[in-house]
Amino acid sequence: MPPAHGSPPALALTDLAVLPEASPLTLRLNAGNCIALLGIGSDTADLTALTEALAGRTHTSGQIRIHGVEVGHMPQGARKIATMGVHAPLFPQLSVTDNILFPLRATGQLPKAEIGRRRDEVLALTGLDAVRNLSPNTLSAEQRFRAALARALVTSPDLLMLNQPMDGLPTQAVRRSMMFLERLRQAIGLTSLFLTRDRTEAFIAASTIGVLDNGTLLQLADAPTAQPPRHPRRGAGSGGRQHPDR
């Protein structure tokens, strides 16, 4: 989806330092689109380092612009960037609802009515209303994935960063979750960066794929039409929004 004439991209990174030894990262992501970054290097910290830098949890050099606004100097809660994945597990002592609402309650900036509205919206959007009062430990892996996703979406972000979000999911759950993400992106116009070390996930998640080697972006290009060869997976089983699961 190209940006409207004259409008800036949803995300623009310029000379962003991800790791000390890496070349500065520059890329552009238009609103409503997804770019997958495939990590291939031996330094497995690069994807989380990029996530933490964009979220504002670590200091880095370079520019981070969201819809043309420089946010690199802003605290993490003010950047309109939400993250989910291996770096941010659910809190086992909290219910699904309390996990989802945690970032809103932490800021203390929204009235109760708005918090309730957002809660109901993301529970419906992710199909979790029936398990809203349960502990994450009682959920399936797929439900835990959706709960983490709902916690990110409840902040109404301009950009969602998914840091290896499928790690630990069985193969069938990965397929369903990837399909759900694509329906969600189309239904609500979600702008996202999908970070993974799985080549198949990268090809499914986005039409534009970047190859990240120890924090250095080697290339960024449209994926070929043909699907990549399948290979064994790691781990187990190696306002008026439309509902993506309907």
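Descriptive notes on the structure:
- Unique residue being hydrophobic (A, V, I, L, M, F, W, C) and in a helix (DSSP H, G or I) when the list is LEU134, LEU123: LEU123
- Odd one out for ASP43, checked against (1) within 25 Å of THR200 (Cα to Cα); (2) of a type outside the set (Lys, Arg); (3) buried (at least 18 other Cβ atoms within 10 Å of the Cβ): (3)
Rundown of residues vs (1) touching an Asp or Glu at 6+ places or on another chain (Cβ under 7 Å); (2) among the acidic types (Asp, Glu); (3) more than 22 Å from ARG79 (Cα to Cα), yes/no style:
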position: ALA113; (1), (2), (3): no, no, yes
position: ALA124; (1), (2), (3): no, no, yes
position: ARG151; (1), (2), (3): no, no, no
position: ARG176; (1), (2), (3): yes, no, yes
position: LEU195; (1), (2), (3): no, no, no
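- The set of residues in the stretch 183-230 that are modelled with pLDDT of 95 or more, of a type in the set (Val, Ile, Thr) and in contact with a helix residue (DSSP H, G or I) (Cβ under 6 Å, 6 or more places away or on another chain) comprises THR196, ILE209.
- Residue list for the stretch 168-185, filter: part of a loop (DSSP other than H, G, I, E, B) and buried (at least 18 other Cβ atoms within 10 Å of the Cβ): LEU169
- Checked against the criterion of being closer than 21 Å to GLY77 by Cα and either in a loop (DSSP other than H, G, I, E, B) or of a type in the set (S, T, N, Q) (or both), the stretch 137-145 has no qualifying residue.
- Any hit, the stretch 186-208, residues being within 30 Å of ARG117 (Cβ to Cβ), of a type in the set (A, V, I, L, M), in a helix (DSSP H, G or I) and out of contact with any strand residue (DSSP E or B) (no Cβ under 8 Å at 6 or more places or on another chain): yes
- Test for SER95: is it within 30 Å of PRO136 (Cβ to Cβ) and more than 15 Å from the chain's Cα centre (by Cα): yes
The values are calculated or read from the model by the stated rules, or taken from the named source; none is laboratory data. Please read these numbers as outputs of a predicted model, since none were measured by experiment. Here Cβ is always computed from backbone atoms with ideal geometry, including for glycine, and neighbour counts include all displayed protein chains.
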